[in-house]
Amino acid sequence: MMNKLNKKYQLLVVLGSLLAVLVVGLLVTRLLKPSYPKYMTKVNEDIKQVGSHRTDKFKDDKLTYVFHYPKIKGDAMDSYIEEIDKKYRPQSTPENKEEILIDYESYQVNDTNVSVLFTISKNEEIIAHEGRVLNLDTQEFSSPIAFLNQRGARKLSYDLRTSIGYKNNDIPFLHATDMNEAKDWAMSQDIITFVVNQKRYDYNRSELANYFSDSNGEDIPSVYLDKGTDPKEKLVALTFDDGPHYAYTKQVLDTLDKHNAKGTFFMLGSRIAGQEALLRRSLDSGHQLANHSFSHKNFNANDQEVVASQIFETNQEIKRATGLESKIMIRPPYGNANEEVLKNNDHTFVNWTVDSYDWHDKDASKICSVVKDHVFDGSIVLMHDIYKSSADALDCFVEDLVNEGYKLVTVEELLKSRLTEIKTHAIYYRAKLTD
């Protein structure tokens, strides 16, 4: 009997010892296992609609690092996630304690595209965003233009640039906000997000319904978009006064577009009615619209109320025809803008350095020779799009200038590429590299 009791007692002692070891082991494991702040480990499933959720964690005395990311079909997103990890994971021990959290949103854009947007925080303060839209079939990252119509893409670029603001000729910024080139962006069923300089800018998709490719975008205002220009290139700005003309402006546009050249059209407000389609085509093709007064009155020979009216009425006509609301440059009729005119009008005035004399000669070959003989880097060329001879002359010299290494740009592109500031109440004739 005593032997049986001893055996039971011994068994209980063994079991108790094993249980004690297990409890101690669990306690030690818990004590040794690093703990993470709840805000870093919390998972919001509502914004993680695509991919299986994964977490990578690391902690030492100074650094707490938590990286949430989705596992999505294909290698492209895996490579991108590795880039994010490498970019934001500290490579050395920080001097002060840091908590780095990378979280994400993921959405199904359509049958073939998914979107991921990362938010990077340091010590509970957002420091950056990164986003991509991936085509699962091609395993290539998509740009916004894959989902937008052309006019919607241009208007969205314009709105984004306007809301952020930018300095002259900031080419990386222009690329980042160009819907044909932008890579750092994301989209859900409700929101389209652009990331510029690591900051996010959200737009409600319901307000952009006619911007997408299933719409023709006819109701969207036309806009002028600066493409950005290397100031070290050989640059020339071709300008055309006194239009629009129903036939010759179209011919000028055809020639410029054929050579991927840009021009600036200084228009008379009195001639815009009925030519709205030409104005919209000009903007949509990347050309610049500008003001040449309403009825070609000499600014220096009229009082300031008349001058202001001539400018205002033409600006209103351009806006009515296209929806364009940006600041419009002025070319004064006959090139006449004295100090009083400049002082009283909050616009940038533009004259010229090379007169093609197309208004005098009306001979395509002569016009061609004058331009080719006198053009130089940074020059602004005066022409008119109301004469057939002027339109014909373009075919003579545009291709030659391009072959000689000239890039034909708008006046705005020329000035922005060479000047730190484009002033109002001032008049410009050229923009040499040394100006």
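The values are calculated or read from the model by the stated rules, or taken from the named source; none is laboratory data. These figures come from a predicted structure and were not determined experimentally. Heads up, the Cβs are rebuilt from the backbone with ideal geometry, glycines too, and the neighbour counts pull from every protein chain shown.
Taking segment 343-361 as the range and being buried (at least 20 other Cβ atoms within 10 Å of the Cβ) and within 13 Å of Asp303 (Cα to Cα) as the test, only Asn345 passes. The set of residues in segment 224-234 that are under 19 Å from the mean Cα position of the chain (by Cα) and either of a type in the set (Ser, Thr, Tyr) or at pLDDT 95 or above (or both) comprises Tyr224, Thr229. For segment 326-345, the criterion of being free of Cβ contacts under 8 Å to residues at least 40 places away in the same chain, assigned to a loop (DSSP other than H, G, I, E, B) and in contact with a Lys or Arg (Cβ under 8 Å, 6 or more places away or on another chain) is met by none of the residues.
Residues that are on the phi > 0 side of the Ramachandran plot and either in contact with a helix residue (DSSP H, G or I) (Cβ under 6 Å, 6 or more places away or on another chain) or modelled with pLDDT under 95 (or both) within segment 397-427 comprise just one, His425.
A Cβ distance below 8 Å, combined with a sequence gap of six or more or placement on separate chains, defines the contacts here; from segment 247-261, residues that are in contact (Cβ under 8 Å) with a residue 12 or more places away in the chain reach residues that are polar (S, T, N, Q) and not in a helix (DSSP H, G or I) in the pairs Thr249/Gln275; Leu253/Ser285; Leu256/Ser285; Asp257/Ser285. Here Arg132 fulfils each of the conditions (1) touching a helix residue (DSSP H, G or I) at 6+ places or on another chain (Cβ under 7 Å); (2) basic (Lys, Arg); (3) in a loop (DSSP other than H, G, I, E, B) apart from (3). If only residues of segment 101-141 that are of a type in the set (S, T, N, Q) and surrounded by 21 or more Cβ atoms within 10 Å (Cβ to Cβ) are counted, the one that is nearest to Thr177 (Cα to Cα) is Ser115.
Gln189 meets all of the listed conditions (1) surrounded by 14 or more Cβ atoms within 10 Å (Cβ to Cβ); (2) outside any helix (DSSP H, G or I) but one, namely (1). A residue that is farther than 16 Å from Ala337 by Cβ and not polar (S, T, N, Q) occurs nowhere in segment 290-302.
The residues on offer are Phe299, Phe312, and the sole one that is free of Cβ contacts under 8 Å to residues at least 60 places away in the same chain, of a type in the set (Phe, Trp, Tyr), closer than 26 Å to Ile220 by Cβ and outside the structural domain of Arg154 (by TED's automatic domain parsing) is Phe312.
Just give me the residues in segment 286-342 being of a type in the set (Phe, Trp, Tyr) and under 32 Å from the mean Cα position of the chain (by Cα), in sequence order. Once the filter is applied, which keeps residues that are of a type in the set (Phe, Trp, Tyr) and under 32 Å from the mean Cα position of the chain (by Cα), segment 286-342 yields only Phe312. Does Leu394 qualify as being crowded, with 23+ Cβ neighbours inside 10 Å and closer than 20 Å to His245 by Cα? Against the criterion (crowded, with 23+ Cβ neighbours inside 10 Å and closer than 20 Å to His245 by Cα), Leu394 qualifies. Within segment 96-125, which residues are farther than 21 Å from Arg54 by Cα and either hydroxyl-bearing (Ser, Thr, Tyr) or assigned to a strand (DSSP E or B) (or both)? Across segment 96-125, the qualifying residues are Glu98, Thr112, Glu125. Taking the criterion of being within 26 Å of the chain's Cα centre (by Cα), crowded, with 21+ Cβ neighbours inside 10 Å and in a loop (DSSP other than H, G, I, E, B), the residues of segment 259-277 that qualify are Ala261, Lys262. Residues that are under 18 Å from Ala186 (Cα atoms) and either polar (S, T, N, Q) or assigned by TED's automatic domain parsing to the domain that holds Thr193 (or both): does segment 98-107 have at least one? Yes.
If you go through segment 82-109 and keep only what is closer than 15 Å to Ala128 by Cβ and within 27 Å of the chain's Cα centre (by Cα), you end up with Glu83, Ile84, Asp85, Lys86, Lys87, Tyr88, Ile102, Asp103, Tyr104, Glu105. Quick check: anything in segment 354-373 among the hydroxyl-bearing types (Ser, Thr, Tyr) and in contact with a Ser or Thr (Cβ under 8 Å, 6 or more places away or on another chain)? Taking every residue of segment 354-373 in turn, at least one turns out to be among the hydroxyl-bearing types (Ser, Thr, Tyr) and in contact with a Ser or Thr (Cβ under 8 Å, 6 or more places away or on another chain). Within the option set Ser143, Ser115, Ser106, Ser121, being under 30 Å from His287 (Cα atoms) and in contact (Cβ under 8 Å) with a residue 12 or more places away in the chain holds for one residue only, Ser143.
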